[in-house]
Amino acid sequence: MPQFSSPIAGDAAGCPAGAASLDLSDPVLYSEGDYRSAWEELRGMDRLTWYQVDDRRGFWSVLKYHDADRVLRDPATFTSERGTLLNLLGNEDPAGGRQIAATDPPRHTAMRGRLQKALAIKAIERQSDLIRGLVLEVIGPLADGGTFDFSEAMLALPVAIGGETMGLPRQDWPRLGRLLNASIAPDDPEYREPGGTQATLEMAHRELFAYFQDIYRERRKKLGDDLISVLITTEFDGRAMSPGEIMSNCYSVLLGAVVTTPHSPNYVMAEHTEDGLLGTWAADLDATPTAVEEALRLASPVSHFMRYAVRDTEVRGTRISSGDAVVVWLGAANRDEEVFPDSLTFQLRRKPNKHLAFGVGPHYCVGHTVARVTLRILFTELLTRFTGFEHAAPAARLRSNFVSGYKHMPIVAANR
């Protein structure tokens, strides 16, 4: 049975008794358990907690906002190159140093420069009509008056937008969506292969990388202004990206869209259909920019990022040894009362709101502008066109310790 303890010899302070049952790495906690209470309990401790997964693997949990901010801003102490997700705990990340998300500065900065420019606000605002069209296509069936699986539609939306910006054939989008969901929720029964979690991950990664290999071979013969062409023509360290680096970053970009975009609208629809928030928001659409930030804060779609300490250090009075894994729980940090007064209440116009939903520091989500523009358009269209949102059946959460969100949410609504 895994338990909390300190891996540092002679550290008598240890962790409080009773914390051993709080396994934040358990995917079932996020689909069926009370993970927010677990976050609150651990956030209230005056030091970090260690979770021993097995005889060779364990990790420190970081749940307070300022601690999370420090870890994510300091790649010189906490590296991304050994793995950024718990499913890689104890194993070296094969994408380390090759994928933007798994590379430290200064190489990381050089790799993401052109991609960041292509995804800047002016470039994305020029595509707002395209994004609006895809949003209306996805939510259109809600107008029919029948039961509409809102979560399923939201999971399809970023694949559609990513597919357009990357120049991917429309007929491929449903398959890509399922593979991406399998890669972020390999423990979920809906996506899990008969061979188990690892087999599911391997299948999803194998098929996605094979797909992008075929796309890369075609695209390099006829470059365009899409994101894959941007990656093909990006140079750093005096050379172009290798095919492996391009495919890895194609996967990372599309995965980031699938992770960040769907789950804040899913959160709002799951938890605020009966408290009057949607009606208040619809009557005050000018609040949409700040309301979207609040939805991102409370949804915190990405549950965690992992780092490894590259030297001995200390966080919240806790000694961390070089080589230790450190896991930042973003959703917990985004509910820290020391930073967000009345943190559990959705405030349409909360300011300031420096949430960590997109991370912080060098690895701040490169696609945050696309996500924000998409969400502002989505909520504006939803609240302008529909009213009377109601749940038609219980919602089902994803079984994942990486993504906090829903996979199914049957709703009905009335046309305005």
Exercise. List the strands (runs of 3 or more DSSP E) that sit entirely inside the stretch 258-345 and contain at least 3 residues that are buried (at least 21 other Cβ atoms within 10 Å of the Cβ).
Key: 304-309, 325-329
Exercise. Output the residue which, of all residues in the stretch 207-257 that are open to solvent by less than 30 Å² (accessible area, probe 1.4 Å) and not in a helix (DSSP H, G or I), is modelled with the lowest pLDDT.
Key: PHE236
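From the list ASP55, ASP69, which one is of a type in the set (Asp, Glu) and modelled with pLDDT under 95?
Working: ASP69 fails: modelled with pLDDT under 95.
When all the criteria are applied, what remains is ASP55.
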Practice problem: Sort out which residues of the stretch 362-416 are among the hydroxyl-bearing types (Ser, Thr, Tyr) and over 23 Å from the mean Cα position of the chain (by Cα), and write them in order of number. | Solution: THR384, THR387
Self-check item: Every pair of residues 6+ apart whose Cβ atoms lie under 7 Å, when the first sits in the stretch 353-373 and is touching a residue at least 40 places away in the same chain (Cβ under 8 Å) while the second is among the basic types (Lys, Arg) and assigned to a helix (DSSP H, G or I)
Solution: ASN353/ARG297; HIS355/ARG297; ALA357/ARG297; VAL360/ARG73; GLY361/ARG73; VAL366/ARG112
Exercise. Residue by residue through the stretch 184-196, note down the ones that are surrounded by fewer than 21 Cβ atoms within 10 Å (Cβ to Cβ) and either in contact (Cβ under 8 Å) with a residue 40 or more places away in the chain or over 20 Å from the mean Cα position of the chain (by Cα) (or both).
Key: PRO189, GLU190, GLU193, PRO194, GLY195, GLY196
Quiz item: Under the condition of being under 19 Å from ALA332 (Cβ atoms) and touching a Gly at 6+ places or on another chain (Cβ under 9 Å), which residue from the stretch 357-381 is most open to solvent (accessible area, probe 1.4 Å)?
Solution: CYS365
Self-check item: Residue among LEU142, LEU88, LEU115, LEU134 that alone is of a type outside the set (Phe, Trp, Tyr) and within 23 Å of MET241 (Cα to Cα)
Solution: LEU115
Quiz item: In the stretch 137-155, how many residues are assigned to a helix (DSSP H, G or I) and either surrounded by 19 or more Cβ atoms within 10 Å (Cβ to Cβ) or at pLDDT below 95 (or both)?
Solution: 8
Quiz prompt | Residue pairs meeting the criteria (Cβ under 8 Å; at least 6 apart or on separate chains; first of a type in the set (Gly, Ala, Ser), in the stretch 216-245; second surrounded by fewer than 19 Cβ atoms within 10 Å (Cβ to Cβ)) | solution = GLY224/GLY167; SER229/GLY167; SER229/LEU223; ALA240/ILE232; ALA240/THR233
Practice problem: Can you work out which of the residues in the stretch 25-50 that are open to solvent by less than 10 Å² (accessible area, probe 1.4 Å) and of a type outside the set (A, V, I, L, M, F, W, C) is farthest from ALA309 (Cα to Cα)? | Solution: TYR30
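Residues of the stretch 168-183 being out of contact with any helix residue (DSSP H, G or I) (no Cβ under 6 Å at 6 or more places or on another chain), open to solvent by less than 70 Å² (accessible area, probe 1.4 Å) and either of a type in the set (A, V, I, L, M) or closer than 22 Å to LEU130 by Cα (or both), which ones? Lay out the reasoning, then the answer.
Narrowing the stretch 168-183 to residues out of contact with any helix residue (DSSP H, G or I) (no Cβ under 6 Å at 6 or more places or on another chain): 168-172, 174-175, 178, 181.
Add one more test, that the residue is open to solvent by less than 70 Å² (accessible area, probe 1.4 Å), and what stays is 168-169, 172, 181.
Across the stretch 168-183, the qualifying residues are LEU168, PRO169, ASP172.
Please indicate, with yes or no, whether at least one residue in the stretch 61-77 is in contact with a helix residue (DSSP H, G or I) (Cβ under 7 Å, 6 or more places away or on another chain), basic (Lys, Arg) and open to solvent by 60 Å² or more (accessible area, probe 1.4 Å).
Residues of the stretch 61-77 that are in contact with a helix residue (DSSP H, G or I) (Cβ under 7 Å, 6 or more places away or on another chain), as a first pass: 61-65, 68, 72-73, 75.
Restricting the remaining residues to those that are basic (Lys, Arg) gives 64, 73.
Going one step further and asking which of them are open to solvent by 60 Å² or more (accessible area, probe 1.4 Å), we end up with 73.
Looking through the stretch 61-77, at least one residue is in contact with a helix residue (DSSP H, G or I) (Cβ under 7 Å, 6 or more places away or on another chain), basic (Lys, Arg) and open to solvent by 60 Å² or more (accessible area, probe 1.4 Å).
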Quiz item: So, in the stretch 44-98, of the ones that are among the basic types (Lys, Arg) and in a loop (DSSP other than H, G, I, E, B), which residue ends up farthest from PRO186 (Cα to Cα)?
Solution: ARG47
Quiz item: Can you pull out the strands (runs of 3 or more DSSP E) entirely within the stretch 366-416 that have at least 1 residues that are under 13 Å from PRO262 (Cα atoms)?
Solution: 406-408
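Looking at the structure I just gave you, is GLU202 charged (D, E, K, R) and farther than 19 Å from VAL253 by Cβ?
Working: charged (D, E, K, R): yes; farther than 19 Å from VAL253 by Cβ: yes.
When the stated conditions are applied, GLU202 passes them.
The values are calculated or read from the model by the stated rules, or taken from the named source; none is laboratory data. Keep in mind that this is a model prediction, so the values were computed, not measured. Reconstructed Cβ throughout: ideal geometry from the backbone, glycine too, with neighbour counts over all protein chains shown. In case anyone asks, the SASA skips ligands and DNA or RNA and just uses the protein heavy atoms, side chains included. Shrake-Rupley method; radii C 1.70, N 1.55, O 1.52, S 1.80 Å.
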